[in-house]
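Here is the structure we will look at.
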Amino acid sequence: MSPVRVYALVEGQTEEAFLNLVISPALAEGLSLWPVNLRGNVSFARLKLHARNLLRQDKNAVLTTFIDLYALRNDFPDYAAAMRKTVLADRLATLESAMHRELVAIGGEDCRPERVIPHIQPHEFEGLLFSDVAALAKTEENWGKSLAALQHAREGFATPEEINGGPTTHPSARLNELAPQYRKTIHGPRAAGRVGLDAMTRECPHFRAWYERILALVPL
């Protein structure tokens, strides 16, 4: 049986490291994940170009995405309709459904719909780190002094994925208040390793749904 190759178009270096260091080791033999770093400020035009090339060059591969909802560019398909949704799950469903439609179409006539698994992480990758704030606070020795503040931030929302997308209250902005200050590419993967997939999948339903779809992939 041929292995399953999954190309993941990711927001940046932190998400690339997260997939390599945390997600990939958890995958079964025969399932391989290949992050493609889009280096931030991801427009749909640029994402679509990468998607088209990957889908047409490797016709047996699966394509997924791992990008943030926070500061999503407004050229994403059905963006305006999605932003009118007041329920987070509905907003994500609108965006990911539109992405699926557009990416399957750009993949060519023989692009099977099951080859495309769009994923937008609400509201940021850093939201996942709030799945276990005690573990997060151990990433740096002095972060333990901020444990109560981190716990307070987490308890303000039903799930870590709902920690909101305001300019000063999105997840990474809250982490920037820590001392030493959160440095995304350094602390992000380290904190994710401490928090772990079990906590993330338990606390973050949208992430869990994506992760389970990746785990369930079988050779095409």
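Screening 194, 190, 115, 101 for residues that are open to solvent by less than 60 Å² (accessible area, probe 1.4 Å) and of a type in the set (Lys, Arg) leaves exactly one candidate, 115. Considering only residues that are open to solvent by less than 10 Å² (accessible area, probe 1.4 Å) and among the aliphatic types (A, V, I, L, M), look in segment 1-25 and name the one that is farthest from residue 119 (Cα to Cα). So the residue we want is 4.
The conditions of being out of contact with any strand residue (DSSP E or B) (no Cβ under 6 Å at 6 or more places or on another chain) and over 26 Å from residue 4 (Cβ atoms) are met by residue 144. The single condition among (1) open to solvent by 50 Å² or more (accessible area, probe 1.4 Å); (2) of a type in the set (A, V, I, L, M, F, W, C); (3) assigned to a helix (DSSP H, G or I) that residue 218 does not satisfy is (3). Screening residue 197 on (1) of a type outside the set (Lys, Arg); (2) within 24 Å of residue 71 (Cβ to Cβ); (3) at pLDDT 95 or above shows it passes everything except condition (2). Scan segment 62-93 for residues that are open to solvent by 30 Å² or more (accessible area, probe 1.4 Å) and of a type outside the set (Asp, Glu) and the total you get is 16. On inspection, residue 42 passes the criterion of being assigned to a loop (DSSP other than H, G, I, E, B), buried (at least 16 other Cβ atoms within 10 Å of the Cβ), β-branched (Val, Ile, Thr) and at pLDDT 95 or above.
Every condition in (1) under 25 Å from residue 185 (Cα atoms); (2) touching a residue at least 40 places away in the same chain (Cβ under 8 Å); (3) of a type outside the set (D, E, K, R) is met by residue 142 except one, and the failing one is (2).
Could you tell me whether any residue of segment 164-183 is of a type outside the set (S, T, N, Q), under 14 Å from the mean Cα position of the chain (by Cα) and open to solvent by 50 Å² or more (accessible area, probe 1.4 Å)? Scanning segment 164-183 turns up no residue that is of a type outside the set (S, T, N, Q), under 14 Å from the mean Cα position of the chain (by Cα) and open to solvent by 50 Å² or more (accessible area, probe 1.4 Å).
Among the residues making up segment 45-61, those that are surrounded by 13 or more Cβ atoms within 10 Å (Cβ to Cβ) and farther than 21 Å from residue 17 by Cβ are 48, 51, 52, 53, 55, 56, 58, 59, 61. Of the residues making up segment 1-39, just one is more than 17 Å from the chain's Cα centre (by Cα), assigned to a loop (DSSP other than H, G, I, E, B) and charged (D, E, K, R), namely 29.
The values are calculated or read from the model by the stated rules, or taken from the named source; none is laboratory data. Keep in mind the model is a prediction, meaning the values are calculated, not measured. Note: ideal-geometry Cβ built from the backbone for every residue, glycine included; neighbour counts use all protein chains shown. For the accessible areas, the whole protein counts, side chains as well, though only heavy atoms, and no ligand, DNA or RNA atoms are used. Shrake-Rupley method; radii C 1.70, N 1.55, O 1.52, S 1.80 Å.
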